[in-house]
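Here is the structure we will look at, set down as structure tokens.
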Amino acid sequence: MSINILNSNKNDVKDAESLKQLEFIEQAKEKVAALEKNLGRKPTACVVTFGCQMNARDSEKLLAILKLAGYEEVETEDADFVIYNTCTVRDNADQRVYGRLGQCSNFKKKNPHMKIAICGCLMQEQSAVEKIQKSYRFVDLIFGTHNIYKFAELLNTTLDSDRMIIDIWKETDKIVEDLPVMRKYPFKSGVNIMFGCDNFCTYCIVPYVRGRERSRSPKDIIRECEKLAADGVKEVMLLGQNVNSYGFDFEEGDSNKITFAELLKMVCEVEGIERVRFMTPHPKDFSDDVIDVIAANPKIARHIHLPLQAGNNEILRRMNRKYTKEQFIDLAMKIRERIPDVAITTDIIVGFPGESAADVDDTIDVIKQVKFDNAFTFIYSKRTGTPAASMPDQVPEEEVKVNFDKLLKVVQDTAKEQAEKLQGRTERVLVEGVNEHDAALLTGRMSNNTLVHFPGDEALIGSFVDVSLDECHGFYYMGTMR
Ligand code: SAH
Ligand code: SF4
Ligand code: F3S
């Protein structure tokens, strides 16, 4: 299955800034063609992505531009153009980037034509940019999250220059529509509905590196979904840091001002889109009308990722999460009652400043009551500049580790119990690919996000099939096509 690059043709593009960027791609084409002549082969490019679905979607835009400019996509970093799209949500994300960047310098020593770029959330931190300027002199281009739409322009400048180009913006209120974009998968795609975050949870760096909340207009979102559907996409995932505050930033009386529930309904009406997911809702804004729309609409996936973070009320208050343990449990129970068969997954942080073993027991209590179908568990990571970084009572590492392991065990046991409940059922799955370990098997994803592996033909990739769930293996199933 081939994947088209959308918005690569001037006739499809309305946004003036995007038209300008298409011209920069034309200029870059000439430079890449000259490089091809010089090298005697097609120049290659590699995009390395860290972090969340937002970054993954941004990387699809970067890759589209590199491909249009004439680069061939490769998976390894011994390429002629390498770009790191970074994350800084936890310290280990930062460390991974620096590690990879260090290794990449070895490739550059062997390939004098090589260009190395770095962008994304980590680059919105001044200290990180300074570190690269000082210790990673071989980097050719640094840019941030707010001006990623200018990549075609920056690519040109980089190809013309031997100096390190740095372009970082502090903020933006701009949303550039219709940028060229390609997908990793032909049959599914992320769709940004909003950018930034206004919640300022006290541990979190995202509002500082992604800026204030900006919603895309409903008509731009629907137009993108229609283009994707016309190009063979069957499943979309609506992306935002807090999708239930979609549209809050539009003025009263603006025809764009609709709720997330209304937007969900509109996306479901796009012909050809058969499954709709969204990520991430914030529990504090999860209104009944969203639950109603999901309950009434079988196209919307039976999966809700509802980040808990912590179960103790004092910790939740100091995290600035704006809900209590009791409110969270009520919401989760209401969702389970109104949407039968829904899977609820979550994010949990262990080791927030001042969190005691008894506080972690409150979190464990929520896990047991809500019965999360899965949970991403994180050890608290201190992010400079966030309020929590300067809170007293940072918890010693060994103590966090003990609490973390205890909690993880409950998460795993609960997830297994939940998964086992599906035994013997037949579920409609979207076939996503050939099994990584056994080429005779296909891998499909159920509406509730659980994976199932089953014998089948590669030609089924991208279509929906019914599969019986024969054997539960903890987080996934082995099955048979019906
Ligand atoms: N907007 C989403 C996701 C944000 S980042 C939300 O509100 O949930 C994804 C997850 O990373 C968060 O849910 C949180 O669990 C985790 N996270 C964020 N900052 C962190 C930090 N400083 N230390 C550890 N985990 C963190
Ligand atoms: Fe971070 Fe909170 Fe915003 Fe999520 S809602 S991105 S955790 S500040
Ligand atoms: Fe990371 Fe930025 Fe996403 S910090 S989690 S890539 S918004």
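The values are calculated or read from the model by the stated rules, or taken from the named source; none is laboratory data. Please read these numbers as outputs of a predicted model, since none were measured by experiment. We place every Cβ from the backbone using ideal geometry, glycine too, and count neighbours over all the protein chains shown. We work out accessible area using only protein heavy atoms, side chains counted, and drop any ligands, DNA or RNA first. Shrake-Rupley method; radii C 1.70, N 1.55, O 1.52, S 1.80 Å.
A single entry from GLY272, GLY351 fulfils the requirement of being in contact (Cβ under 8 Å) with a residue 12 or more places away in the chain, at positive phi and open to solvent by less than 20 Å² (accessible area, probe 1.4 Å): GLY351. Taking the criterion of being surrounded by fewer than 20 Cβ atoms within 10 Å (Cβ to Cβ) and more than 19 Å from ILE25 (Cα to Cα), would at least one residue in region 56-66 satisfy it? Checking region 56-66: at least one residue is surrounded by fewer than 20 Cβ atoms within 10 Å (Cβ to Cβ) and more than 19 Å from ILE25 (Cα to Cα).
When region 129-148 is filtered for residues that are under 12 Å from THR172 (Cβ atoms) and out of contact with any strand residue (DSSP E or B) (no Cβ under 8 Å at 6 or more places or on another chain), only HIS146 remains.
Of all residues in region 199-228, count the ones that are closer than 25 Å to LYS67 by Cα and either within 16 Å of ligand 3 (Cβ to nearest atom) or of a type in the set (Lys, Arg) (or both). Outline the logic, then answer.
Taking region 199-228 and keeping what is closer than 25 Å to LYS67 by Cα, we get 220-221, 223-228.
Now narrow it down to the ones that are either within 16 Å of ligand 3 (Cβ to nearest atom) or of a type in the set (Lys, Arg) (or both): 223, 227.
Going through region 199-228 one residue at a time, the tally reaches 2.
Among the residues of region 199-223, those identified as open to solvent by 20 Å² or more (accessible area, probe 1.4 Å) and without any contact (Cβ under 8 Å) to a residue 40 or more places away in the chain are GLU213, LYS219, ARG223. Filter region 185-198 down to residues that are within 16 Å of ligand 3 (Cβ to nearest atom) and open to solvent by 10 Å² or more (accessible area, probe 1.4 Å), then give me how many there are. Total meeting the criteria: 4. Within region 379-387, does at least one residue satisfy the condition of being among the small types (Gly, Ala, Ser), open to solvent by 30 Å² or more (accessible area, probe 1.4 Å), outside the structural domain of HIS473 (by TED's automatic domain parsing) and within 16 Å of ligand 2 (Cβ to nearest atom)? Yes, the conditions are met somewhere in region 379-387.
Restricting CYS104, CYS121 to those that are touching a residue at least 24 places away in the same chain (Cβ under 8 Å) and under 30 Å from VAL276 (Cα atoms) reduces the list to CYS121. For region 421-433, the criterion of being surrounded by 12 or more Cβ atoms within 10 Å (Cβ to Cβ), within 28 Å of the chain's Cα centre (by Cα) and among the hydroxyl-bearing types (Ser, Thr, Tyr) is satisfied by no residue at all.
Within region 441-456, identify whether any single residue is over 26 Å from ILE339 (Cα atoms), surrounded by 15 or more Cβ atoms within 10 Å (Cβ to Cβ) and in contact (Cβ under 8 Å) with a residue 60 or more places away in the chain, and answer yes or no. Scanning region 441-456 turns up no residue that is over 26 Å from ILE339 (Cα atoms), surrounded by 15 or more Cβ atoms within 10 Å (Cβ to Cβ) and in contact (Cβ under 8 Å) with a residue 60 or more places away in the chain.
Let's see how each residue does on (1) open to solvent by 40 Å² or more (accessible area, probe 1.4 Å); (2) within 14 Å of ligand 3 (Cβ to nearest atom); (3) in a loop (DSSP other than H, G, I, E, B):
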| position | (1), (2), (3) |
| --- | --- |
| GLU77 | no, no, yes |
| TYR84 | no, yes, no |
| ASN92 | yes, yes, no |
| ARG96 | yes, yes, no |
| PRO112 | yes, no, yes |
| ALA128 | no, yes, no |
| ILE132 | no, no, no |
| HIS146 | no, yes, yes |
| PHE151 | no, no, no |
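Taken over region 438-482, residues that are of a type in the set (A, V, I, L, M), under 24 Å from the mean Cα position of the chain (by Cα) and part of a loop (DSSP other than H, G, I, E, B) amount to 1.
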